[in-house]
Amino acid sequence: MPRLPTLAPDRSVIQKEIPCLALDESSCGWVAPNNGELDKKQPVTLARMLAAQKDDQRYQDLRDKMDQNAHFGFLETKEGLLVRVAAPDGAIQAYVPFILRPDLLRPKHDVVRAGHPGVNRMYASNRRHAYWESMAADMND
């Protein structure tokens, strides 16, 4: 990509009162701190999801409705995971019990170096593989 021609190089001095992230005599500038919280949390694995679903009351209610009505919209995988097929695009979404919701949201929300992706992007990325009734509202909190 060609650059616009300039008449002369910019040799102006940056004023001291202009705030910037780079420090004097520093080539690396500002480095975001890593507080290490993500390393302490366990990832959401299939085993954790299955165990949490079995203990979740809403899972029990959905499972009972699924047993009563074959066209309810939820299925059970061969591993025993409760999933649903999303209406608009047919995405397979695992039902996420209440206890695992923060663990599922944390990696996409709290990474210091990534910044906050925004409510719409967080919802879209989580919606592809996960489901719970208040997901859109929980993204705003």
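Read-outs throughout are calculated quantities, based only on the coordinates presented, and are distinct from any laboratory measurement. What you are looking at is a predicted structure, and each value in this text was computed from that prediction instead of being measured. Don't worry about glycine lacking a Cβ; one is built from the backbone with ideal geometry, like all the others, and counts go over all protein chains shown.
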Subject >> Residues Met49, Met122 arranged by fewest to most Cβ contacts within 10 Å >> reply: Met122, Met49
Original post:
Pulled fully out, how much extra length does the chain show between Ala70 and Arg11, if you take 0.36 nm times their separation in residues and subtract their Cα-Cα distance?
Top reply: 13.8 nm
